[in-house]
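Here the structure is laid out as structure tokens; the discussion comes afterwards.
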Amino acid sequence: MRIIEYITFDDVVIVPRKAPVDPQYVVLESNITRNHRISVPILSSPMDTVTEQDLAIEMSRLGGVGVVHRNMSKSEQADMIRSVKNASPDFKYLFNTININELDKSNLRSDKPLIITSDDTPTGVYVPTNILSPALIEKIDLVLRLLRTGLVKPSLDNNGKLLVGAAISPFDSKRAEALEKAGADFLVTDIAHLHNIEALSALGKLAKKVSIDIVAGNVGTREAALDILTTVENVSGLRIGISSGSICSTGVVAGASVPTLTAVMNAREALEELGLFGRIPIIADGGIRGPGEAAKAIVAGASAVMSGRLFAGTDEASSLLVRVGGKLYKTYRGMASAGAMKRRHAADRYSRPSKQLEEGVEGLVPYEGPLVKVMSRMFFGLQASLGYAGASRIEEAWNGILARVSPLGAKEINPHDLVK
Ligand code: XMP
């Protein structure tokens, strides 16, 4: 018997290399599927305390993209996709934008803050026209700061509508067809272990019935990635990582796991073997706590990252806001937790009760405020990280280097020796 070694995010650091540009000019545009490219390479997980229409709409407006969960009937999920498609792709709900030359013709008694644009400041200057709450002022400031970079653009389809993904089971081609009809831009398989003969064969059949992109996962080994790519036609992306998520317990209860960083390296190896690396995006899923992990995943070969934990605490997430001991939290649970599985079987009597084992937990995360706060932290943090990696764009970051740190080194890179 051979024991192999896995590497996790905390085992490595990015080796600093000569930056080709100042971090503020680092472009984060990346492919999330073969056919869809977005300006901030981040997807929100299909989880019932994370991505429903509100989060999916705001994710896309802020340059990322949301994947609507499947813990509901297919018609409810299709309705959510339609709501995203019908939403305004800009921030008109937050403020009105007027060009300075149009100012005298406009009605300044706007019920919303006005953003006045000119040739010098195309993304505008903000003029409050009524009394705004400090929270709203902060949100508007953050949105404008992101838009002013000129590098964050809403993620749109060919018709100028917001981009959106939808989760499916590989066994449910009827749902996949309904979601395609509702306007989903891509489908993401949502199964803990796609490397299963039955699941792969079902996905192969499903893939022939729809024409939109399919992101397949989750898998973590080179063999699994090779099997998907050679048995399922037209796979447009790989969802990579097994049991690194903050609410995952698969690694404990089932004793199986491939940490996200190792899983990305394995998938890269498979894609390189087939000459497909760079053409089929790797989405690193699970264990992303901030820009540091996201950047390490990208250097390892990911085109984008997927997270539930980062977004569960935001206003737009479908989690519940609760107050405990005077502090605000939001609920967050694994999709294989007892509560989520109960809801799935109640919502969809055709769902496959393939496993009775709970492989996820339920808990609380601190309340974060609006999504734009988290997306700003990720965007500016990723720009800085890629600068350290010696890259001006995602594809260049794949030439970056990761170095293994000793346990003492890992301790040293965290803030230390402070009284408080
Ligand atoms: P984070 O770290 O963002 O990870 O919380 C989110 C990812 O975790 C996966 N996921 C699960 N994995 N049991 C698991 O083992 C679960 O109940 C579960 N629910 C979600 C999923 O890949 C998600 O994107």
Row for segment 31-77, column shape: gyration tensor on C-alpha, a ≥ b ≥ c, rounded if a/c < 1.5 i.e. under 1.5, prolate if a/b over b/c, else oblate; value prolate
With label points set 7 Å from each Cα along the Cα-to-Cβ direction at D417 and S73, the distance between them in nm comes to 6.4
Work the Kirkwood hydrodynamic radius out for segment 255-309: mean of 1/r over every pair of different alpha-carbon atoms, inverted, in Å. 11.3
Net charge near G390: determine it from the other residues with C-beta under 10 Å of the C-beta of G390, scoring Lys and Arg +1 and Asp and Glu -1. +1
Compute the Cα gyration tensor for segment 4-62, then decide on rounded, prolate or oblate, letting a ≥ b ≥ c be the square roots of its eigenvalues: rounded whenever a/c is under 1.5, prolate when a/b is larger than b/c in the other cases, and oblate in all that remain. oblate
Given all pairs of different Cα atoms, what value in angstroms does the Kirkwood hydrodynamic radius of segment 261-420 take? 18.5
Determine the gain in length on full extension of the stretch K327-E5; use 0.36 nm per residue of separation and subtract their C-alpha separation, reporting nm with one decimal. 111.8 nm
Counting each DSSP H run of 4 or more residues in the chain as -39500 (n - 2.57), what helix-only mean residue ellipticity at 222 nm follows after dividing by all residues, to the nearest 500 deg cm²/dmol? -10000 deg cm²/dmol
Fully extended, how many nm does the chain gain between D141 and E395 (0.36 nm per residue separation, minus their Cα-Cα distance)? 88.4 nm
Can you tell me the 0 to 90 degree angle between the C-alpha axis of helix 197-209 and the longest principal axis of the chain, rounded to 10? 50
Cβ-based net charge around M306, under 12 Å, with every Lys or Arg adding one and every Asp or Glu removing one: -1
Once the Cβ-Cβ distance between S211 and R404 is put in as r, and R0 is 60 Å, what FRET efficiency do you end up with, to the nearest 0.05? 0.85
Any chance you could give the angle, 0 to 90 degrees and rounded to 10, that helix 173-182 forms with the longest Cα principal axis of the chain? 10
Translational diffusion coefficient, Stokes-Einstein: compute it for segment 215-351 using the Kirkwood radius over C-alpha pairs as Rh, at 4 °C and 1.567 mPa s, and state it as an integer in µm² s⁻¹. 80
Here the gain from full extension of E102 to K18, 0.36 nm per residue of separation minus their alpha-carbon distance, amounts to 25.7 nm
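Take the Cα gyration tensor of the chain, multiply each eigenvalue by 5, square-root it, and list the three semi-axes largest first, rounded to whole angstrom.
Details: eigenvalues 226, 141, 97 Å².
Working through the eigenvalues yields semi-axes of 34, 27, 22 Å.
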What number, in percent, do you get for the relative contact order of segment 8-62 if the mean sequence gap of Cα pairs under 8 Å and at least 6 apart is divided by its residue count? 19
With the convex hull built on the Cα atoms of segment 129-263, state its orientation-averaged projected area in nm². 12.3
So, how do all the Cα-to-Cα distances of segment 366-411 break down into 5 Å bins, in percent, from 0 on up? 5, 18, 17, 14, 17, 16, 12, 2
Carbon and sulfur together cover what percent of the accessible area of the chain at a 1.4 Å probe radius? 53
Treating the angle as unsigned and between 0 and 90°, give the value, to the nearest 10°, between the Cα long axis of helix 134-148 and the longest Cα principal axis of the chain. 80
How big is the accessible area of H193 in square angstrom, nearest 10, if you roll a 1.4 angstrom probe over the protein chains? 100
List the aspartates and glutamates whose Cα lies under 12 Å from the Cα of K208, skipping any in the same chain that are fewer than 8 positions away. E177, E233
Report the local net charge at I240: Lys and Arg +1, Asp and Glu -1, summed over other residues whose C-beta lies under 10 Å from its C-beta. +1
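The values are calculated or read from the model by the stated rules, or taken from the named source; none is laboratory data. Every value quoted in this text rests on a predicted model; they were computed, and no experiment measured them. Cβ atoms come from the backbone with ideal geometry, glycine included; neighbour counts cover every protein chain shown. Side chains are part of the model used for accessible areas, which takes the heavy atoms of the whole protein and leaves out ligands, DNA and RNA. Shrake-Rupley method; radii C 1.70, N 1.55, O 1.52, S 1.80 Å.
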